[in-house]
Amino acid sequence: MRRPSDKFRDDNLKLRLALRAAPIGIWDWDLETNEMNYSPRARKISGFSPDEPITLEKVRAVTHPDDLPRTWKLAGMALDPSIRNNDPYEYRIVRADTREVRWVLAHGEAVFQRVGDTVKPVRFLGTIQDITGRKLAENALREAELRQRLAIDAARLAVWELDVPTDRLTVSPELNRMFGLPADACPTVAELRMLLGPGDLDRIMEIRCKAASTADPHFEAEFRCRFPDGSLRWRLLRAEIKIAPTGEPTHIIGVVMDIDERKRAEEQKHLLLREVHHRVKNSLSVIQALATQSFGRGAADPDALKSFLGRLAALAKATDLTVAQQGDPFRLTDLIVGVVEPFWSPTRFELQGPDIRLPARLNVPLALVFNELCSNAAKFGALLKASGTVAIQWEITTNGLELYWRESGGPPVPSKLDRGFGLRLILDVLPVEFGSVQLDPRPAGISCHVLIANPGWLNDAN
Amino acid sequence: MTSLSGTRVLLVEDESVIAMMAEDFLTELGITVIGPATSINAALELISANDIDAAVLDLNIRGELSHRVAEALRLRRIPMVCATGYGQGAAEFARGAPIIDKPYSEDKLARALQMALHGAGGTNE
């Protein structure tokens, strides 16, 4: 059996241990003598020297002026016998020694005494603790949250979280806006899925399953959602799948973004491009028809008309390629195959070179060069004979892209070529746009070297 | 190559200058030209009123895709060549019929017609 005095000693010890472990100071205000007693730790927190007498004025002086009215009111409530408030409160002090502003947490409790009919406080004592570190961390967190909030708002993001096993969804109010629902709606997953555009749910689920089975659990998908007015709006979903150690997905956290305007602009651009393409191709067809009617049937040199129509066809091919690529870099192979098509047979052409892309602006001049080489070969060179062949090879060197056209198996080539419009076009006019062209009329067949100088596009496009 | 001479070919093309040129191409190949039809309805009337061996059909007639003409031709098992200014999307329309990009040459038109009438390359007869 422990005696009461043992228990008292025990409690006292525990209290001292607790006080020593926690950086807590003790203050004690005798309201009858107005004497203030501060423990060494309380003095240290407030910036008082170890032995100076503490007065109410000094305590008020170290309280931050902005917090003084509040703490004074709280003290009043603690000392009011009908209230006896003893809630802890936080306030700022300005340390007596360093004038440094610190956050403290105080607990206070008044001791009351009944004298006759009146009850009055005789003593007010409590603890004080410096919580500046915690406060700063809290503020930093709050600011980080605020910044994140602002970023989410600015990016017009809706955040959501899905519990996979139960298929239950937690949403932010913005998600309702994204789906055209009232701000206070609480849609279920099933209801939201009903609002997706045709086929979009299957597509999202497919992408999600693929992501869940790979090392990178992030996925994104564009989808449409049906608004109450029946219109479909484009949204982008980005998400991360959280996977349990067992390998099962547990939940998915993600955002939904409004990309409607962007998608509509893209669609508009695409439509416009197609329309322009259609008109350009139509104009080229009309030019072809006009030329055929104007210069055909003996009205002009049939060879000249044929050359002209060939150039027009090459121009049309180049236009096709620009539209197919939407103005992005095009594949050299696509261009060559397109232009040589009227002269094509599998035994006649041999193409060899790396798969590289060239900027859209090179597409017309190169198409015209290849067309001239082809039509020249068909008139005088290798393509005049069924046994003739053309080898087209290209490689990337320090000079840029070097391309070789080599004819063989054709009739003997005269040492000097007639410098007509076609030759001027490929030797003098077009190379200005990309580099240089050198023609070498060897007896065995025409050979041509095309250099496409590299002002950086090789790195940009490939 | 089998001669196209004597075949009867319907020409559907709304751009009159192009139609004129295509008509010349076909005539030079010895083909009897039905049309040219410059509207979808005109084409449909010509199909129902004439004996036709093949057709050269522009994909886009006055802003409308000429699906109805293609259907009418398929119903009567009349082979066709699809002419188009669009580089893409034509394959879906043509369903295996030869496609020629506008502007097309006489050679190209002749090859496509051979293919439509006699199968790949037009050399299997």
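Each reported figure results from applying straightforward, stated rules to the coordinates on display, with no laboratory input. No experiment lies behind these values; they were computed from the predicted model shown. Cβ coordinates were reconstructed from backbone atoms using ideal geometry, including for glycine residues, and neighbour counts include every protein chain displayed.
Structure summary
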quantity: Largest-first principal axis extents of the Cα set of region B:1-101 (Å); calculated: 32, 27, 26
quantity: Estimated distance in nm for a label pair at residue A:193 and residue A:299, the labels positioned 7 Å out from Cα along Cα-to-Cβ; calculated: 6.7
quantity: Potential extension, residue A:218-residue A:404 segment - 0.36 nm per residue separation minus Cα distance; calculated: 62.3 nm
quantity: Extension gain (nm, one decimal) between residue A:32 and residue A:90, 0.36 nm per residue minus Cα-Cα; calculated: 18.2 nm
quantity: Calculated P(r) of region A:263-461 - Cα pairs past 26 Å, %; calculated: 36
quantity: FRET efficiency estimate (nearest 0.05) - Cβ-Cβ, residue A:454 to residue B:118, R0 45 angstrom; calculated: 0.40
quantity: FRET efficiency for residue A:205 and residue A:227, using Cβ-Cβ distance with R0 set to 22 Å, rounded to 0.05; calculated: 0.50
quantity: Two-site FRET efficiency, residue A:344 against residue B:8, from Cβ-Cβ distance with R₀ of 35 Å, rounded to 0.05; calculated: 0.70
quantity: Per-residue average of Cβ from other chains inside 10 Å of A:282-295; calculated: 5
quantity: Residue B:76 paired with residue A:248, simple spin-label distance in nm, labels 7 Å along Cα-to-beta-carbon; calculated: 6.7
quantity: Where a label projected 7 Å from the Cα of residue A:442 along Cα→Cβ would reach, residues of region A:339-359 with amide N under 18 Å; calculated: A:349-352
quantity: Restricting region A:366-422 to trypsin sites (Lys or Arg not before Pro) in coil, as DSSP defines it, with at most 14 other Cβ within 10 Å; calculated: A:385, A:416, A:419
quantity: Cut-off 16 Å, label 7 Å out along Cα→Cβ of residue A:166, residues of region A:237-271 by amide N; calculated: A:250-253
quantity: Pairwise label distance in nanometres, residue A:57 with residue A:16, each label 7 Å out on the Cα-Cβ vector; calculated: 3.6
quantity: For region A:172-293, alpha-carbon Rg over 2.2 N^0.38 Å; calculated: 1.57
quantity: Stretch gain in nm, segment residue A:238-residue A:325, where the contour uses 0.36 nm per residue and the Cα spacing is subtracted; calculated: 28.6 nm
quantity: Compactness relative to 2.2 N^0.38 Å, alpha carbon Rg of the protein assembly as shown; calculated: 1.76
quantity: Charge dipole (debye, nearest 20) of region A:23-161; +1 at Cβ of Lys and Arg, -1 at Cβ of Asp and Glu; calculated: 300
quantity: Estimated [θ] at 222 nm from DSSP helical runs (n ≥ 4, -39500 (n - 2.57)) normalised by residues in the protein assembly as shown, nearest 500; calculated: -12500 deg cm²/dmol
quantity: Normalised convex hull volume, region A:233-371, alpha-carbon set, Å³ per residue; calculated: 187
quantity: Spread of Cα-to-Cα distances over 10 Å intervals beginning at zero, given as percent, for region A:249-300; calculated: 19, 21, 18, 15, 12, 8, 5, 3, 0
